[in-house]
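Working notes, structure below.
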Amino acid sequence: MKLETKAKQTLKKIKLSKKEKIIVALSGGKDSSVTAYLLKNFGYDIKGIYIDLKIGEYSEKCLKAVKKLCEDLDIKLYVYDIKKEMGSSMCYLRTAIQSGHGKGLKNCAICGVVKKWILNREAKKLKADKIATGHNLDDEAQTFLMNIFKGSPQLSANSGAITKNTPNKKFIPRIKPLFYILEEDIRKYSKLMKLPVVYEKCPCAIDSYRIQVRKFLNTLSRKDKENIIKNFDISSKKVKVINDKIKYCEICGEVSRKNICKKCELMMG
Ligand code: SF4
Ligand SMILES: [Zn+2]
């Protein structure tokens, strides 16, 4: 099946309306660029946001690619400068966290929590109805397997092509239009469409466990990977979303599972 058809089917499944305002989290990579390209061509109301993590030259290259993409697609771009907004680069923030109480936490785990927090907050300011990210089938299969290996498949419960959290005005639902599409197909498509994309990996992506799972997944066939996601869909219908009670972080006021949200817990030092 064609990549466009699969993405359209996913958007239909999650009932995305053309009246909704969507913010696409752009990273400069192939996945988020293809996400924006498809949504725009399907006629959705989208804007882009780029979180400039200030990871040296890499972030500069990504910002350049994102600016070009938004120009080409004629979409408005918001740039969130982490240094200006939070006072330091992601590398600095992360090192400070890892040398304090966040010892042993992986780079991407810290960066992921901070980025999610920023995205939700900025999307609210921009009055968005949905946040679209570029997660693909390979990413999702990796996470699902990692949660199984950790013995916590319920951690995948509120994941999926759309987040399954209880509706709340402080939480903008996240959608993943490429949820059922393999990474290699996205790579080919981005090249075919000649999208301005940075193909090199983020220099901070050093999560040995995820890399190990990724290597294992890459030994599997397309069918096997698709079956993992099929299983995810079946099992996620049965697993209840954990700790579904809505709380608000005592420090930042954002939606949180505990009294203090993950981002503030990390930043407490
Ligand atoms: S690869 Fe990891 S460290 Fe780099 S931007 Fe993504 S989450 Fe952050
Ligand atoms: Zn908080």
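The values are calculated or read from the model by the stated rules, or taken from the named source; none is laboratory data. All figures in this text were calculated on a predicted structure; none of them were measured in a lab. Using ideal geometry, Cβ is built from the backbone for each residue, glycine included, and neighbour counts are taken over all protein chains shown. Just the protein is used for accessible areas: all its heavy atoms, side chains included, with ligands, DNA and RNA removed. Shrake-Rupley method; radii C 1.70, N 1.55, O 1.52, S 1.80 Å.
Sort 18-29, 209-220, 153-164 by the packing proxy (mean of other Cβ within 10 Å over each peptide's residues), most packed first.
Taking the mean over residues of other Cβ atoms within 10 Å, the ranking is 18-29, 153-164, 209-220.
Of the accessible area of the chain, with the probe set at 1.4 angstrom, what percent is carbon plus sulfur?
Of all accessible area on the chain, carbon and sulfur atoms account for 55 percent.
Can you tell me which of Ser152, Ser32, Ser221 moves the most in a GNM of the chain? Springs connect C-alpha atoms under 10 Å apart.
Ser221
Setting aside same-chain residues fewer than 8 positions from Lys64, which aspartates and glutamates have a Cα under 17 Å from its Cα?
The reachable aspartates and glutamates, counting only those whose Cα sits under 17 Å from Lys64, are Asp31, Asp52, Asp72, Asp74, Asp81, Glu200.
Would you pull out the residues with amide H under 5 Å of Ile175's amide H, same chain only if 5 or more places away, H placed 1.01 Å from N?
HN-HN under 5 Å from Ile175: Ile131, Ala132, Thr133.
If you average the alpha carbon positions of region 140-183 and of region 57-100, how far apart do those two centres end up, in angstrom?
24
Could you derive backbone 3J(HN,Hα) for region 169-185 from the dihedral phi with the Karplus parameters 6.51, -1.76 and 1.60 (θ = phi - 60°), listing whole Hz in sequence and x where the residue is Gly or Pro?
With the stated coefficients, region 169-185 comes to 5, 8, 10, 8, x, 9, 10, 10, x, 9, 3, 9, 10, 6, 4, 5, 5 Hz.
Under a point-charge model restricted to the Cβ atoms of Lys and Arg (+1) and Asp and Glu (-1), what is the dipole moment magnitude of region 1-135 relative to its Cα centre, in debye to the nearest 20? Before the final figure, lay out each step's value.
On the way: 30 positive and 14 negative charges, 105 e Å.
Its charge dipole is roughly 500 debye.
Roll a 1.4 Å probe over the protein chains and send me the accessible area per residue for the chain in Å².
Computed with neighbouring chains in place, this is 53 Å² per residue.
Can you compute the charge dipole magnitude of region 114-269 about its Cα centre, using +1 on each Lys and Arg Cβ and -1 on each Asp and Glu Cβ, nothing else charged? Give it in debye, rounded to the nearest 20. The partial results should precede the final answer.
Details: 34 positive and 17 negative charges, 88 e Å.
Dipole about the Cα centre, nearest 20: 420 debye.
My understanding is that a pair violates if its Cα-Cα distance is over 22 Å; which of Lys30/Lys194; Lys8/Lys230; Lys84/Lys201; Lys83/Lys115; Lys18/Lys230; Lys8/Lys130 do that in this structure?
Lys84/Lys201; Lys18/Lys230
With both bridge residues required to lie in the chain, what share of the DSSP beta bridges run antiparallel, to the nearest 5%? Write out the running numbers ahead of the final one.
Working: 3 of 19 bridges.
If I count the DSSP bridges inside the chain, around 15 percent turn out antiparallel.
Extension gain Ile234-Thr95, at 0.36 nm per residue separation less the Cα-Cα distance, in nm? Mind showing how you got there, number by number?
Numbers: separation 139, 0.36 × 139 = 50.04 nm, distance 3.90 nm.
Additional length available on full extension: 46.1 nm.
Given charges of +1 on the Cβ of Lys and Arg and -1 on the Cβ of Asp and Glu, with all other atoms neutral, how large is the dipole of the chain about its Cα centre, in debye to the nearest 20?
Once rounded to the nearest 20, the dipole reads 700 debye.
Given the convex hull over the Cα atoms of region 79-134, what projected area results after averaging over all orientations, in nm²?
On the way: hull surface 17.8 nm².
Projected area, direction-averaged: 4.5 nm².
Name the long-range amide H neighbours of Tyr78: under 5 Å, sequence gap of 5 or more, or other chain; modelled H, no Pro or chain starts.
Result for Tyr78 returns Gly48, Ile49, Tyr50.
Averaging the inverse of every distinct alpha carbon separation and then flipping it gives the Kirkwood radius. What is it for the chain, in angstrom units?
With all distinct Cα pairs of the chain included, I get 19.2 Å.
Once amide H atoms are built 1.01 Å from N in the peptide plane, which residues 5 or more positions from Ser27, or in another chain, come under 5 Å H to H?
Amide H neighbours of Ser27: Ser32, Ser33.
Students often get this wrong: which residues of region 134-170 have the backbone nitrogen under 19 Å from the point 7 angstrom along Cα-to-C-beta of Ser17?
Counting only backbone N, you get 162-170.
Can you figure out the FRET efficiency of Glu57 with Leu192, using R₀ = 22 Å and their beta-carbon distance, to the nearest 0.05?
0.20
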